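Right, one structure below, let's go through it.
What follows draws every value from the coordinates through simple rules; no lab data is involved. Small disclaimer: the values here were computed from a predicted structure and weren't measured. Positions of Cβ are generated from backbone atoms using ideal geometry, with glycine treated the same way; all protein chains shown enter the neighbour counts.
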Amino acid sequence: MDKERVSRTVTVTVAERPARKLIFLRHITATDYFSACEEVGCDWARFYNGIPEKLDVAAGGKLPKGLIEPGTSGNAFFVEVPSDYAKPIPDGYEIAELPPCTYLCFNGLPFEDQKDFPIAIGILNEAIETYPFERFGWKKSDNAPYLGMGAEAETGARTAVPVEKA
């Protein structure tokens, strides 16, 4: 019997985030990772992951509704930092304060071959789409960023979905 290349097991944990800041690079028209890199470049990951104070790894996804500007896709690359973060940011980047929030963190299992990252992300996205949020007392929220943190062989695929009590 062939072993699946990427496990379909996904864990879900609750994470409470304090008030914090979001450093972001807004996409105007891009709606996926590759078109976003074409639009704004891919240097963002090196900059974000080089911030020692970051709360987690760099992410891409949907901005909270209060930060979406008319005529834009609402998507961005971003990283969360502590609320007292005051270092300069590069031109083109923005910074905003975020209130406390709750995330449901979806995490796939580690996998062997980094080339299988699209499979890992697909499995994670399917788990999020079919997760019974209301059954467990949650509903998705658009008051915090939706954090797509990619997939690495060592850590698995990771996404944090903002939620509030149903």
Pairs over 19 Å Cα to Cα, from 115/140; 21/65; 21/62; 54/87; 54/165; 65/139, come to 115/140; 54/165
Return the loop-located GluC sites (Glu not before Pro) in the stretch 73-166 (DSSP other than H, G, I, E, B) with at most 15 other Cβ atoms within 10 Å of their own Cβ; answer none if there are none. 112, 154
Simple spin-label estimate for residue 13/residue 94, 7 Å along Cα→Cβ, in nm, reads 3.2 nm
Using a Gaussian network for the chain with springs between C-alpha atoms less than 10 Å apart, which of these wobbles most: 71, 156, 60? 71
Residues whose built amide H sits under 5 Å from the amide H of residue 98, excluding neighbours closer than 5 in sequence, are 20, 21, 22
Can you give the relative contact order of the stretch 19-99 as a percent, counting alpha carbon pairs under 8 Å and 6+ residues apart? 52 percent
Per DSSP helix of 4 or more residues, -39500 (n - 2.57); summed, then divided by the residues of the chain. What does that give at 222 nm, rounded to the nearest 500? -5000 deg cm²/dmol
Computed over all unlike Cα pairs, the Kirkwood hydrodynamic radius of the stretch 19-99 in Å stands at 12.8 Å
Note on the chain: contact order normalised by length, alpha-carbon pairs under 8 Å, 6 or more apart, percent, works out to 31 percent
The chain: projected area of the alpha-carbon convex hull, averaged over directions, in nm²: 10.6 nm²
Check: C-alpha center the stretch 135-166 vs C-alpha center the stretch 64-100, spacing in Å is 17 Å
Using the 10 angstrom Cβ neighbour count as an exposure proxy, how do 32, 56 rank, fewest first? 32, 56
Which ³J(HN,Hα) values, rounded to whole Hz and listed in residue order, are derived for the stretch 105-122 from phi using the Karplus coefficients 6.51, -1.76 and 1.60 in 6.51 cos²θ - 1.76 cosθ + 1.60 with θ = phi - 60°, glycine and proline given as x? 9, 9, 9, x, 6, x, 9, 7, 10, 4, 5, 8, 4, x, 5, 4, 5, x
Non-local amide H neighbours of residue 56 (under 5 Å, H modeled in plane, Pro and chain starts lacking H): which ones? 80
